[in-house]
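Inspection log for the structure reproduced underneath, given as structure tokens.
The values are calculated or read from the model by the stated rules, or taken from the named source; none is laboratory data. Not measured: the values here are computed from a predicted model. Positions of Cβ are generated from backbone atoms using ideal geometry, with glycine treated the same way; all protein chains shown enter the neighbour counts. All accessible areas refer to the heavy atoms of the entire protein, side chains included, with ligands and DNA or RNA removed. Shrake-Rupley method; radii C 1.70, N 1.55, O 1.52, S 1.80 Å.
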Amino acid sequence: MGVIFDIKRFAVHDGPGIRTTVFLKGCPLSCWWCHNPESIKQVPQKVFKKVKLNGKTFTEEEIVGKEVSVSEVMSQVNREKIVMDESGGGVTFSGGEPLAQPDFLLELLKASKSEGYHTAVDTSGFAKPEDFEKIAPFTNLFLYDLKLMDDDLHKKYTGVSNQLILKNLQFLCECEKSIRIRIPVIKGINDSIQNLNDSISFLKELMGIEQVDLLPHHHIGRGKYERFGLKYRMPDQQQITDIEMKSFEQLIESEGFKVKIGG
Ligand code: SF4
């Protein structure tokens, strides 16, 4: 059994083809910019939302997250099997941090492989190396976040050091796994040329980086924070512009990487 908080069908940004993305609840990081604050706690949570009806506002109770078995998840996933097979898609496990529930994730990956699906794991990289070792044989593609190369800034903005994250990425490259790097580009936090150059230098030492996805940050998760009793720490700053994103894309491309804006 494990805890999930969403299943998204017909996803087109979480790996090749048309996919079903399963969101596992729980994350050891606490990134300032997180779009999914409902993913942080690993247990189902009771929250209240305001609903407007006929000019009146009502408060409605909602449980976010659900304990489910592997077979329950797979019966949901299999509903779109034909579409996924015909489009060259598959199943993506995201979060939260999917490796925060390593045994559940491993069983989901094994079940997906036995159904013949292409599998992807969308990870922050912050997990035990032995858990990466266990899931790697059942994972076709890793979508791997690279947020900040400066460790002090990484600790400040995510709550954890980046050392384990970088080490796990090196390990997966040594195992010759397919990897897409995902860089969330956040105005005033990691959009410096220094951080970009340090990221490129690190990636150039690795083998098997299939693509770099640049994900422009928008304040879209802000409204959820209050409902989950969390403080939104992102300052009200300008957002990254298309021109800035284009210049980052060109800089990374000029170093020989395939780059995509928006994942
Ligand atoms: S790693 Fe992802 S899910 Fe976890 S806090 Fe950061 S942005 Fe949110």
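Its relative contact order, with pairs defined as Cα atoms under 8 Å and 6+ residues apart, puts segment 114-263 at 21 percent. Taking a ≥ b ≥ c as the square roots of the eigenvalues of the Cα gyration tensor, segment 105-233 is oblate, since a/c reaches 1.5 or more and a/b is not larger than b/c. In the chain, helices alone account for a calculated mean residue ellipticity at 222 nm of -9000 deg cm²/dmol, with every DSSP H run of four or more residues adding -39,500 (n - 2.57).
Taking the Cα centre of the chain as origin and assigning +1 to Lys and Arg Cβ atoms and -1 to Asp and Glu Cβ atoms, the resulting dipole is close to 980 debye.
Return the tail of the calculated pair distribution for the chain, meaning the percent of Cα-Cα pairs more than 31 Å apart.
Percent of Cα pairs beyond 31 Å in the chain: 26.
Highest mean packing comes first when the peptides 190-200, 41-51, 25-35 are listed by Cβ atoms within 10 Å, giving 25-35, 190-200, 41-51.
For segment 80-136, the per residue solvent-accessible surface stands at 35 Å², with DNA, RNA and ligands left out and a 1.4 Å probe. Dipole of the chain computed with +1 at Lys/Arg Cβ and -1 at Asp/Glu Cβ about the Cα centre; of 148, 235, 94, farthest Cα towards the positive end is 235. FRET efficiency for the pair residue 153 and residue 9, taken as 1/(1 + (r/R0)^6) with r the Cβ-Cβ distance and R0 = 51 Å, rounds to 0.90. Short-range pairs are left out: with C-alpha atoms under 8 Å and at least six residues apart, the relative contact order of the chain is 18 percent.
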